[in-house]
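This report refers to the structure that appears directly beneath it.
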2 protein chains.
Amino acid sequence: MTKSNKQQNVLIIGAGLCGSLLALRLGQRGYNVTVMEKRSDLRKVKISAGRSINLAFSDRGNKGIKLVELEKKVQELCIPMHGRMLHDREGNTIMSNYSGRSHEYINSISRGDLNALLLDEAEKHKNVSIYFNRACTSVDFEKTTAYFKDLENNNEFIEDADVILATDGAGSVLRQSYFTSKKFLFSFSQNFLTHGYKELSILPAENGGYKTFKNALHIWPRGDFMIIALPNLDGSFTVTLFLSYDEGEYNFNNLTTPERVTDFFKKEFPDALELMPNLTEDFFNNPTAPLGTVKCHPWHYKGNTLLLGDAAHAIVPFYGQGMNASFEDVVELDAVLDQYEGNWERVFTEYEKTRKKDTDAIADLAIDNFHEMKDHVANPIFQEKRKIEMVLEKEFPNHYSSKYSLVTFNEHIGYREAMLRGRAQDKAILSLLYDDKNFIIKDLKELLNKVNNHAETILKQDEIAGLK
Amino acid sequence: MTKSNKQQNVLIIGAGLCGSLLALRLGQRGYNVTVMEKRSDLRKVKISAGRSINLAFSDRGNKGIKLVELEKKVQELCIPMHGRMLHDREGNTIMSNYSGRSHEYINSISRGDLNALLLDEAEKHKNVSIYFNRACTSVDFEKTTAYFKDLENNNEFIEDADVILATDGAGSVLRQSYFTSKKFLFSFSQNFLTHGYKELSILPAENGGYKTFKNALHIWPRGDFMIIALPNLDGSFTVTLFLSYDEGEYNFNNLTTPERVTDFFKKEFPDALELMPNLTEDFFNNPTAPLGTVKCHPWHYKGNTLLLGDAAHAIVPFYGQGMNASFEDVVELDAVLDQYEGNWERVFTEYEKTRKKDTDAIADLAIDNFHEMKDHVANPIFQEKRKIEMVLEKEFPNHYSSKYSLVTFNEHIGYREAMLRGRAQDKAILSLLYDDKNFIIKDLKELLNKVNNHAETILKQDEIAGLK
């Protein structure tokens, strides 16, 4: 017999961004929701420094926020970033907008503030209970039972539920239980980049203002490495250094003294260094963390358990889509629930069938963008391409979207479609530029047709080769 | 101080095809080689039924056999297969050659016979010792020490060495030790197809002859599934059924009775069924096994340990390249040893740098070929493509090689180069066919130029898009 939502016990493992949005939404739908979070309540303690203090928030994430009717409150936390501001070694800057349409931009948002808001809103529902300092140790997915340790008193306990949803991040315990049980064929990959990252900061100016342009995502691209900076509401910027662990003249393994770190920044990022008197302190206080991509399949075990968010598909941060993809997961799951509510196995199967191809795509796109940000953005032919894209988007706002726009601002299409179409367009424009280096835009309508036709041919060729 | 080869102790884990070739070669080079194998000595006991009794052996594998000067002895074990013989539901057959050049073909070879030969030859060297029934349980790669269990008496023991080379297959214990130790960033993937496989057989005719054409790899392509058959020296064929676990009208999960299995074959493979009175016996005696791809990185830990063969890169069997790739590993490692012998860390680093891109490529090609074999080979446009390739190879034997030929018979180039060039050619031919369905070959020289130019354009476009 099917229980009504109110009788269904849903256990969510992990109260990060994805888990707290999910708890809120399932609370709104009437489920009896219990959330177990390993960490302390971030509304009561300071979150640890050096681990993605702020994030890019854009249209796909906003679909999730609209779903739970928090658009206005979230907007108050947002700082618009209209484009990339590129800094060269001499300190010259170029602003490269994210879109030729002025209403298309991304936002910098505080992970902590957003998570706190979602927790507050979730807890307003009587049918949602959130517990902190409860670490999941394993999941018996056949019995829909999870094992926990209460970190306050070291007691171990068991939680039973009708379904368990794991939003416990890149190191997911449910995923580990799938992997180690060997009870079914579990496809799994973890792939690390050669580079790690470290968070640094530009503190607010003495008057509390911003030391550099507020409304941009700043990039210092240097080919093999880069720093980026995103603004915070308090006037500071969170700076992230992306650098190889062991290759090149300067790398994480050999940046071992304050002098060497300062020399590195003096040589490569002199204008940033001027804004960062606290550089070496940050550098040696904050951890160096790896950059990994996780994919797996299946996400669900029958109608018992399901992986969502980073637990199912951790990605590298270079497309600014990690949180957005996780929020979109909640939107997609919610849509499948509208269709098949009452039959969890069907819900999980349909959700995975429609969603998996898109999270695979954003994972690959995010790795592409690593190379684009640290290297290609400084390449003249790439800058030419961006100029053409801007012109097309401005001139034909309803008929052209670049790959970046398709991925970031066209939230009505999936990541996979955005990737295929976007890559074909990139190839098309680069081919045109390559065939004629003195390429001059005369007739914009003709240019649009050329790019579109060429992209269509490329898509068709790929389709034929796959014999689909 | 560097020890001479004779003083260097090399421990090899696994005496399968790759491990025994490696032991032989390192024995020839003068190393003090100890090999530990989990299974019993296959020269003394019958190997278990149902797990790849025969294999495809071709030019890349033969490079390894030439290296150890066994070409003649191995040739005696080979049955040439000149092409694919395709069987439709009515029992009609078409022979589709592997190449337009008559000296290019692949061979069917018995895994057991070849492995036995390599073990015999390795043991002729006084400096090579091979132990069976010794199961590796873990490897301490920091100490270059491996832990074993003697399966004859259950005693546990430790082996120390200057280097440990793991050729212990897709379930490699060294690879597991890398993964679980978390002592370095270990990229790893295991990906399963939706299909599994089961080995069956066509027994010899009463007169000891072959019941169907001997010198071909037989395929019964049915879109979503297939059977294939490879000849054995004793007149039998080893037949393999590739079928989904749980999708489609017939699948491994629902083929649970002899009647249902017979119905399935009667409907889909009637001509094969006639040759297989032993079908249901085989079907229920032999295991159903999964089809997985394993990739990982790094393969080596400092100068201490190295993964080779399936342990480093297990692939699906559809390109007939599994053993060939593993033998090529030994050839490549041997070439790096020529350059850097005495410095194991350098040897391992250089080996992985040159080899990894190629084993990644053959892994991807093998998955492509799964779809090609079960489906595309029966597609008219694909058959047209094959015809064009045959014509070009026959007419321009020194100027054209299809993707299949590049991968299989052009052992002087790496898998990756073969993949890129081969895929571009496929796209080029399919585009020509697509643009003009009544495409008629008039001037062959013109056709060759068209295909080559189109392929070059595709390669150039891909290169530009990567901005390499």
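The values are calculated or read from the model by the stated rules, or taken from the named source; none is laboratory data. Keep in mind the model is a prediction, meaning the values are calculated, not measured. Cβ sites come from the backbone with ideal geometry, for glycine too, and all protein chains shown count toward neighbours.
The residue that is modelled with the lowest pLDDT, counting only those in region A:107-118 that are part of a helix (DSSP H, G or I) and small (Gly, Ala, Ser), is A:112. The condition of being in contact with an Asp or Glu (Cβ under 9 Å, 6 or more places away or on another chain) and either away from chain B (no Cβ under 14 Å) or surrounded by fewer than 17 Cβ atoms within 10 Å (Cβ to Cβ) (or both) does not hold for residue A:180. Of the residues making up region A:295-325, those that are assigned to a helix (DSSP H, G or I) and under 12 Å from residue A:165 (Cβ atoms) number 2. Of the strands (runs of 3 or more DSSP E) lying entirely inside region A:1-100, those containing at least 3 residues that are out of contact with any Cys (no Cβ under 7 Å at 6 or more places or on another chain) and crowded, with 22+ Cβ neighbours inside 10 Å are A:9-13. Scanning region A:183-207 for residues that are more than 11 Å from chain B (Cβ to nearest Cβ) and assigned to a loop (DSSP other than H, G, I, E, B), we see that the one that is nearest to residue A:270 (Cα to Cα) is A:203. Annotation note: of A:170, A:146, A:161, the sole residue that is of a type in the set (A, V, I, L, M), under 25 Å from the mean Cα position of the chain (by Cα) and assigned by TED's automatic domain parsing to the domain that holds residue A:315 is A:170.
Taking (1) under 30 Å from residue B:114 (Cβ atoms); (2) within 14 Å of chain A (Cβ to nearest Cβ) in turn, residue B:238 satisfies each apart from (2). Just to be sure I understand, how many residues within region A:446-458 are more than 10 Å from every other protein chain (Cβ to nearest Cβ) and over 15 Å from residue B:435 (Cβ atoms)? Residues that pass the stated criteria total 8. Can you name every residue in region B:247-277 that is within 14 Å of chain A (Cβ to nearest Cβ) and either in contact (Cβ under 8 Å) with a residue 40 or more places away in the chain or in a strand (DSSP E or B) (or both)? Passing the criteria: B:247, B:252. The residues of region A:283-299 that are more than 12 Å from residue A:352 (Cβ to Cβ), buried (at least 18 other Cβ atoms within 10 Å of the Cβ) and more than 15 Å from the chain's Cα centre (by Cα), listed by number, are A:283, A:286. Answer yes or no as to whether residue B:170 is assigned to a loop (DSSP other than H, G, I, E, B) and either more than 18 Å from residue B:322 (Cα to Cα) or within 12 Å of another protein chain (Cβ to nearest Cβ) (or both). In short, no.
Assigned to a helix (DSSP H, G or I) and of a type in the set (Val, Ile, Thr), is that true of residue A:381? Spelling it out, residue A:381 is indeed assigned to a helix (DSSP H, G or I) and of a type in the set (Val, Ile, Thr).
In this structure, is residue B:132 among the aromatic types (Phe, Trp, Tyr), in contact with a strand residue (DSSP E or B) (Cβ under 7 Å, 6 or more places away or on another chain), touching a residue at least 24 places away in the same chain (Cβ under 8 Å) and surrounded by 15 or more Cβ atoms within 10 Å (Cβ to Cβ)? No. If you scan region B:360-374, which residues turn out to be without any contact (Cβ under 8 Å) to a residue 60 or more places away in the chain and over 9 Å from residue B:319 (Cβ atoms)? Scanning region B:360-374 gives B:361, B:364, B:371, B:372. All of B:104, B:142, B:121, B:152 fail the test of being in a loop (DSSP other than H, G, I, E, B), at pLDDT 95 or above and surrounded by 18 or more Cβ atoms within 10 Å (Cβ to Cβ), apart from B:104. Out of the residues in region B:211-239 that are free of Cβ contacts under 8 Å to residues at least 60 places away in the same chain and either under 18 Å from residue B:316 (Cα atoms) or of a type in the set (Phe, Trp, Tyr) (or both), state the one that is surrounded by the most Cβ atoms within 10 Å (Cβ to Cβ). Selected residue: B:229. Just one of the numbered conditions (1) away from chain B (no Cβ under 14 Å); (2) more than 27 Å from the chain's Cα centre (by Cα); (3) crowded, with 17+ Cβ neighbours inside 10 Å is not true of residue A:396: (3). Residues of region A:307-341 that are free of Cβ contacts under 8 Å to residues at least 24 places away in the same chain and not hydroxyl-bearing (Ser, Thr, Tyr): A:332, A:335, A:336, A:338, A:339. Would you say residue A:369 is under 27 Å from residue A:297 (Cα atoms) and within 14 Å of another protein chain (Cβ to nearest Cβ)? So residue A:369 passes the test.
Scanning region A:137-166 for residues that are β-branched (Val, Ile, Thr) and more than 12 Å from residue A:305 (Cβ to Cβ) yields a total of 2.
Conditions tested, residue by residue: (1) surrounded by fewer than 19 Cβ atoms within 10 Å (Cβ to Cβ); (2) in a helix (DSSP H, G or I); (3) within 14 Å of chain B (Cβ to nearest Cβ); (4) small (Gly, Ala, Ser).
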residue	(1), (2), (3), (4)
A:385	no, yes, yes, no
A:401	no, no, no, yes
A:424	no, yes, yes, yes
A:429	no, yes, yes, no
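Among the criteria (1) out of contact with any Phe, Trp or Tyr (no Cβ under 7 Å at 6 or more places or on another chain); (2) over 19 Å from residue B:60 (Cβ atoms), the one residue B:405 does not fulfil is (2).
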